[in-house]
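Written out below as structure tokens is the structure these notes cover.
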Amino acid sequence: MAAESARWQHYFQEWGPSLLLFARQQTGFLSEAEDIVQEAFIKVWKTYGQSSSITKSLFYAAVRTTAIDHARSISRRKIREHKVFEERKGDLELFERHLEIQERNTLLEKAIQQLSRNQQEIVVLKIWGELTFQEIAAILDVSLNTAASRYRYTLDHLKKEITPSLI
Amino acid sequence: MKHLDEEIEKELARLKPVAPSDALQAKIESALEETQPKDGLSFPRFWPMIALATAACLIFVFAISITRTSKEANSNIKETPAESFQPVASNSFEPPKAEQRLLEAIDDGIVFTEGREPVRKLRYKFVDTLTVVDKNDGSVFTMEIPREEILFVPITLL
């Protein structure tokens, strides 16, 4: 049991931050994103916990599916409540803050948040999920070419937004 | 151009996503503990006994229902007069026209099932229309039967 606990904690420490980022990108609310990560983690662990075939992409796929299920079930009222609560909390940062590069980080974060949902999804999976285009294509149910071109298009878009200030 | 791409990728990768809270980790830990089978009551150890008990119950219920049915059947036998029943000639109907209409195809996404590989769930909603014409009086019967097919396509996540 202790070994089991150490195993999942290892995955959680390693992939938890980027999974939470992906879930937040999917839902927009921290509290709901945490629920989604929890549910996805349990789903994957119940199915694959005993085997050695656990991969990062399984967790990302589970987060995406769970987020879609949540989006279907959550009522509009609940969304409004969440939004008000989250705004009051001021808990909108997606990334850790480092004082010396705060301005640059804020600019990048803003640029990411202005991307479309599809673009955000692909950039999160590629940069912080460190997944291959093949894995991303399987998770998003798009072709390999679509995944790759969407990513490049997103980078181009980001470049336009932030290049004058960063480079 | 490629240099610029790499620069931006590096800039982005330098951003570290906010780590999940300790509370979330604790919640997952307790949820995972709850899903662990309890000692002495684990399903895999007991399932042969449960299966045997269920089979015994089913045989018992089946035996009772057969006995009752045969008794009721014996007591309810009646003569049916042949005149009261006028069968419709089976060849009086034109061969039916059948039509299958796809109303909606829904992709429910990837589904995780315990102990199995993930699958993609696809739902197809159809309406089957069956039309029969009676040759004798020209009457037309149309039946519309809604139908839903659920397809599970195995997927591989590398």
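Determine the shielding of peptide B:112-119 by partner chains: average, over its residues, the number of Cβ atoms on other chains within 10 angstrom of each Cβ. Provide the component values of the computation, followed by the final result.
Numbers: counts 11, 3, 3, 5, 1, 3, 9, 0.
Average per residue, whole number: 4.
So if we plug the beta-carbon distance of residue B:119 and residue A:51 into 1/(1 + (r/R0)^6) with R0 = 22 Å, what FRET efficiency do we get, rounded to 0.05?
Computed FRET efficiency for residue B:119 and residue A:51: 0.85.
Measuring from label point to label point, each 7 Å out along Cα→Cβ, what is the residue B:14 to residue B:153 span in nm?
4.3 nm
What order do you get for A:62-69, B:114-121 when each peptide is scored by the mean count of other beta carbon atoms within 10 Å, highest first? Intermediate results must be reported in sequence, preceding the final value.
Working: A:62-69: 22.4, B:114-121: 14.1.
In decreasing order of mean packing, A:62-69, B:114-121 become A:62-69, B:114-121.
Averaged over its residues, how many other protein chain Cβ atoms are within 10 Å of peptide A:16-23's Cβ atoms?
4
What's the average, rounded to a whole number, of partner chain beta-carbon atoms within 10 Å of each residue's beta-carbon in A:43-51?
4
Give the peptides B:17-26, A:130-139, A:22-31 in descending order of average Cβ contacts within 10 Å, highest first.
The peptides rank, most packed first, as A:22-31, A:130-139, B:17-26.
Is there a pair in A:43/B:27; A:126/B:16; A:159/B:16; A:56/B:27; A:160/B:10; A:56/B:125 whose C-alpha atoms are over 23 Å apart, and which pairs would that be? Before the final figure, lay out the partial values.
Numbers: A:43/B:27 14 Å; A:126/B:16 14 Å; A:159/B:16 19 Å; A:56/B:27 21 Å; A:160/B:10 16 Å; A:56/B:125 34 Å.
From A:43/B:27; A:126/B:16; A:159/B:16; A:56/B:27; A:160/B:10; A:56/B:125, over 23 Å: A:56/B:125.
How much length is gained on full extension from residue B:33 to residue B:104, taking 0.36 nm per residue of separation minus their Cα-Cα distance?
That pair, residue B:33 and residue B:104, stretches by 21.5 nm at full extension.
Rounded to the nearest 100 Å², what's the accessible area chains A and B bury against each other, both chains counted, probe 1.4 Å?
On the way: alone 10500 and 14490 Å², together 20570 Å².
Chains A and B together bury approximately 4400 Å².
The values are calculated or read from the model by the stated rules, or taken from the named source; none is laboratory data. Computed from a predicted structure; not experimentally measured. Counting neighbours? That spans all protein chains shown, and the Cβs are built from the backbone with ideal geometry, glycine included. Only protein heavy atoms, including side chains, enter the accessible area calculation; ligands, DNA and RNA are left aside. Shrake-Rupley method; radii C 1.70, N 1.55, O 1.52, S 1.80 Å.
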